[in-house]
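Visitor: Let me begin by handing over the structure; questions about it come next.
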Amino acid sequence: MENTPASNFLQSIIDEDLSSGRVKEVVTRFPPEPNGYLHIGHAKSISVNFGLAEANGGRCNLRFDDTNPEKESQEFIESIQEDVRWLGYRWSGEVKFASSYFGQLYDWAIFLVEQGKAYVCDLSADEARDYRGTLTEPGRNSPYRERTAEENLDLLARMKAGEFDEGAKVLRAKIDMAAPNMNMRDPILYRIRKVTHHQTGNEWVIYPTYDYAHGQEDAIEGVTHSICTLEFEDHRPLYNWFIEQLPIDNHPRQYEFGRLNTSYTITSKRKLKRLVDEGMVQGWDDPRMPTIAGMRRRGYTPRSLRHFCEMIGTTRGDGVVEVAMLEHAIRDDLNDNAPRAMCVLNPLKLVLSNYPEDKVEQLQAPAHPSREELGQRTLPFTRELYIDAEDFREEANKKYKRLVLGKRVRLRGAYVIEADDVLRGANGEILEVHARIIPGTLGENPADGVKPKGVIHWVSATEGRRATVRLYDRLFNDAEPDKGDRDLMQLLNPDSLHTVTDAWIEPGLAQAEPEQNFQFEREGYFVADRFDHTEGAPVFNRTIGLRDTWNAGAGQ
């Protein structure tokens, strides 16, 4: 795959705006609604908004669009801030909230009413839907559309005072019920919601809509480039209409880009919430989730996610990016940066009959084959070791390059050995493999000229540490789980998590810091769990396999 960053049409717009003098400083914003955890699509939006400001010496605001308090919470506010920081971006000044501007937004609503450009409407939701018309038929004017400014001001004040029930009245803009763009058919500015707000408490019982608040918040903050995903393209005329009608000096401009959708992934907050609520995953930060928190816990790095966003570029059209590109980005990053280590996932005891029982030999191996600055790691070598059960057969053909009775292999970074016998249990199962070290083979080939067939990994059975290893894979078996009206739960990959509780690791891995990445040789890339890993009880999560095996028709 090519790693060259793709094009960004937004940078071309900014270049022109700066050279023409339309703007002197680039100001962008990232305005999430705090009603869920951020996902991979938001990572793209973050990289676009913060990245453009960063690249052009400007600033980017983090602003919470908290105009819908029923679904919002402080938990989501804190998680979003953590995600942005983790990705390596810093917002300008203090965190901002739409709720901080509620007073100004209400004053501007009064201005629109006074100008005859907004009115209080009593239509029910069903009636309003009927009056709105369709894509092919114009809407009809509300019977309340011609109320006087005085009457509307009185009703709006009483709405604000909490005199009316939820749904009884709304404040609407007076634009054009016959407009081809449905968003211009007298959209709602305020609705009654008698709920406690996580920032303003019970100060307000009416809340502005996103369409009304969005542009005005941008204007208040001096935003120059209001960058949204493509679904807001049809809302741009309304964005501009509000700014043109109000006494606002700063006129931000809205631009749209294609949102990021990846195969084998859902990004609907409603559907992600269902996975959490029904226990299909273990929370919003489950490593199988496409949330930033989930990918972080899975072992994805900020560097890999930012690089992925650069690789796919920023375009005007929507599309689906193969998740293999994202997986390539993390493999590429970890291959270059993750220290190597050995972990035996399916342990089988190996006893070296000609090695002293009480001897512990401290072997040295590079932490990374091409990164000398990462130093060395110590591998205790003892008489009893664990190897992977898949690395031994009593008999095998010539294609099998691991340990076979009567044949030789090299233990990674250690000696060449030859298998002699097996010890069986009461049911005939193999309990131990007995082998001999070939003398003089530490870092050397055997003197008798009989070379080993392959190299296998190992861990000391007495000096190594037991660990829990979680083998994660894609959450869905279907490349388009969000398509159509199929039952999401029927598309879940039953093999998306397999937990190994008796894995064996190099002793030094127990001291790994939470979120430290490793390549477990021949197994894949892993990370010390952010929350569960401790020196006394090590826990590692598989980030990704060494190779993409999905294209070959199998899970990793």
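Visitor: Based on the alpha-carbon set only, what is the convex hull volume of the stretch 148-216 divided per residue, in Å³? Before the final figure, lay out the partial values.
Guide: Numbers: hull volume 7.6 nm³, N = 69.
For the stretch 148-216, the hull spanned by Cα atoms encloses 110 Å³ per residue.
Visitor: Divide by every residue of the chain the summed helix terms, -39500 (n - 2.57) for each DSSP H run of at least 4, and state the resulting mean residue ellipticity at 222 nm, rounded to the nearest 500 deg cm²/dmol. Can you show the working numbers first?
Guide: Numbers: 12 runs with 138 residues, N = 556.
Here the helix-only value at 222 nm equals -7500 deg cm²/dmol.
Visitor: If you find the alpha carbon centre of the stretch 386-442 and of the stretch 252-274, how far apart are they in angstrom?
Guide: 51 Å
Visitor: Follow-up. Would you grab the residues whose amide H sits under 5 Å from the one on V455? Only those 5+ places off in sequence or on another chain, please, with H modelled 1.01 Å from N.
Guide: Those lying under 5 Å, H to H, from V455 are R410.
Visitor: Assign unit charges at the C-beta atoms only (+1 for Lys and Arg, -1 for Asp and Glu), then state the dipole size of the stretch 9-262 relative to its Cα centre in Debye, rounded to the nearest 20. Write out the running numbers ahead of the final one.
Guide: On the way: 28 positive and 42 negative charges, 42 e Å.
Roughly 200 debye, rounded to the nearest 20.
Visitor: Hey, could you grab the Kirkwood Rh for the stretch 129-260? Inverse mean 1/r over distinct alpha carbon pairs, Å, one decimal. Don't skip to the end; give the middle numbers.
Guide: Numbers: mean 1/r = 0.0608 Å⁻¹.
Final number for the Kirkwood radius of the stretch 129-260 is 16.4 Å.
Visitor: What GluC sites (Glu not before Pro) does the stretch 325-405 have in DSSP loop regions with at most 14 other beta carbons within 10 Å? Please report the intermediate quantities before stating the final value.
Guide: Values: sites: E327, E357, E361, E372, E373, E384, E390, E394, E395; in loops: E357, E394, E395.
Answer by residue number: E357, E394, E395.
Visitor: Once you put a point 7 Å from the Cα of S370 and another 7 Å from the Cα of F531, both along the Cβ direction, what distance in nm separates them?
Guide: Result: 3.7 nm between the two label points.
Visitor: So how compact is the stretch 1-144: Cα radius of gyration and Dmax in angstrom?
Guide: Expressed in Å, the Cα Rg and Dmax of the stretch 1-144 come to 20.3, 60.
Visitor: Any chance you could give the angle, 0 to 90 degrees and rounded to 10, that helix 149-160 forms with the longest Cα principal axis of the chain?
Guide: 40 degrees
Visitor: So, how do all the Cα-to-Cα distances of the stretch 250-324 break down into 5 Å bins, in percent, from 0 on up?
Guide: 3, 13, 19, 22, 17, 13, 8, 3, 1, 0
Visitor: Taking amide H positions as placed in the peptide plane 1.01 Å from N, state which residues far from D420 in sequence (5 or more) or on other chains have amide H under 5 Å from it.
Guide: Sorted by chain and number, the residues that satisfy this are G406, H434, A435, R436.
Visitor: Restricting to bridges with both residues inside the chain, how much of the DSSP beta-bridge set is antiparallel, in percent to the nearest 5? Show your work: numbers first, answer last.
Guide: Details: 53 of 82 bridges.
Close to 65 percent.
Visitor: Loop only per DSSP, at most 12 neighbouring Cβ atoms within 10 Å: give me the trypsin sites (Lys or Arg not before Pro) in the stretch 388-451, ordered by residue number. Intermediate values should be presented prior to the final figure.
Guide: Details: sites: R393, K398, K399, K401, R402, K407, R408, R410, R412, R424, R436; in loops: K398, K399, K401, R402, K407, R412.
For trypsin sites (Lys or Arg not before Pro) across the stretch 388-451 that sit outside H, G, I, E and B with at most 12 neighbouring Cβ atoms in 10 Å, the list reads K398, K399.
Visitor: Follow-up. Magnitude of the Cβ-charge dipole of the chain, K/R +1 and D/E -1, about the Cα centre, nearest 20 debye?
Guide: Details: 70 positive and 90 negative charges, 237 e Å.
Roughly 1140 debye for the chain.
Visitor: Using the Karplus curve 6.51 cos²θ - 1.76 cosθ + 1.60 with θ = phi - 60°, work out ³J(HN,Hα) for each residue of the stretch 58-75 in order, rounded to whole Hz, and write x for Gly and Pro.
Guide: Going residue by residue, I get x, 9, 10, 8, 9, 10, 8, 7, 9, 9, 10, x, 4, 9, 9, 7, 5, 4 Hz, with x marking Gly and Pro.
Visitor: Compactness ratio of the stretch 86-191: Cα Rg over 2.2 N^0.38 Å, N = residue count?
Guide: Details: Rg = 16.7 Å, N = 106, 2.2 N^0.38 = 12.9 Å.
Its radius of gyration relative to the 2.2 N^0.38 Å reference: 1.29.
Visitor: While we're here: List the trypsin sites (Lys or Arg not before Pro) in the stretch 240-345 that DSSP assigns to loop (not H, G, I, E or B) and whose Cβ has at most 13 other Cβ atoms within 10 Å. Which are they?
Guide: Of the trypsin sites (Lys or Arg not before Pro), the ones in loops of the stretch 240-345 whose Cβ has at most 13 other Cβ atoms within 10 Å are R316.
Visitor: Of Q216, L492, G41, which is farthest along the charge dipole of the chain in the positive direction, counting Lys and Arg as +1 and Asp and Glu as -1 at C-beta?
Guide: The one lying farthest along the dipole's positive direction is L492.
Visitor: Moving to a separate point now. Have a look at Y131, A419, L475 and report the one farthest towards the positive end of the charge dipole of the chain, computed about the Cα centre with Cβ charges (Lys/Arg +1, Asp/Glu -1).
Guide: A419
Visitor: Please report Rg over Rh for the chain, where both radii come from the alpha carbon positions and Rh follows the Kirkwood definition. Before the final figure, lay out each step's value.
Guide: Working: Rg = 30.7 Å, Rh = 27.5 Å.
Rounded to two decimals, Rg/Rh equals 1.11.
Visitor: Now for a different question. About its Cα centre, how strong a charge dipole does the stretch 409-534 have in debye, to the nearest 20, once Lys and Arg get +1 and Asp and Glu get -1 at the Cβ? Show your work: numbers first, answer last.
Guide: Numbers: 14 positive and 23 negative charges, 77 e Å.
Around 360 debye, computed over the stretch 409-534.
Visitor: I would also like to ask the following. Whole Å is fine, so just give me how far the alpha carbon centre of the stretch 32-107 lies from that of the stretch 287-321.
Guide: Result: 18 Å between the Cα centres.
Visitor: For the stretch 9-262, list log₁₀ I(q)/I(0) at each q in 0.12 Å⁻¹, using the Debye formula over Cα point scatterers of equal strength and ignoring solvent, two decimals each.
Guide: -0.75
Visitor: I've got another one for you. Report the antiparallel proportion of the DSSP beta bridges in the stretch 9-262 as a percent, rounded to a multiple of 5.
Guide: Expressed as a percentage, antiparallel bridges in the stretch 9-262 total about 50.
Visitor: Then there is this: Convert each backbone phi in the stretch 335-348 into a coupling constant with the Karplus relation 6.51 cos²θ - 1.76 cosθ + 1.60 (shift: θ = phi - 60°), then list the ³J(HN,Hα) values in order as whole Hz, x for Gly and Pro.
Guide: Per residue, the Karplus-derived 3J(HN,Hα) values read 4, 7, 10, 7, x, 8, 7, 10, 9, 9, 8, 10, x, 10 Hz.
Visitor: Could you pull the Cα extents of the stretch 341-463 along its three principal axes, largest to smallest, in whole Å?
Guide: Answer, in whole Å and largest first: 49, 32, 26 Å.
Visitor: Restricting to the stretch 370-492, what percent of DSSP beta bridges are antiparallel, rounded to 5? Intermediate results must be reported in sequence, preceding the final value.
Guide: On the way: 13 of 18 bridges.
The antiparallel proportion sits near 70 percent.
Visitor: OK, next. If one takes the longest principal axis of the Cα atoms in the chain, at what angle in degrees, from 0 to 90 and to the nearest 10, does the Cα axis of helix 9-20 lie?
Guide: Roughly 50 degrees, rounded to the nearest 10.
Visitor: Moving to a separate point now. Going toward the positive end of the dipole of the chain, with +1 on Lys and Arg Cβ and -1 on Asp and Glu Cβ, which of Y119, Q282, A396 do you reach last?
Guide: A396
Visitor: Residue separation times 0.36 nm, minus the C-alpha to C-alpha distance between R424 and D318: what's the value? Numbers along the way, then the final one.
Guide: Numbers: separation 106, 0.36 × 106 = 38.16 nm, distance 5.96 nm.
Result: 32.2 nm gained on full extension.
Visitor: Would you kindly compute the Cα radius of gyration of the stretch 197-259 and its largest Cα-Cα separation (Dmax), both in Å?
Guide: Over the stretch 197-259's Cα set, Rg and Dmax evaluate to 13.1, 38 Å.
Visitor: Under 5 Å between amide H atoms, partner at least 5 residues away or on a different chain: which partners does H39 have, H built in plane at 1.01 Å?
Guide: Those lying under 5 Å, H to H, from H39 are I292.
Taken together, the values in this text are just the output of simple stated rules run on the coordinates, not laboratory data. All values reported here derive from a predicted model rather than from experimental measurement. All Cβ positions, glycine included, derive from the backbone under ideal geometry; neighbour counts span all protein chains shown.
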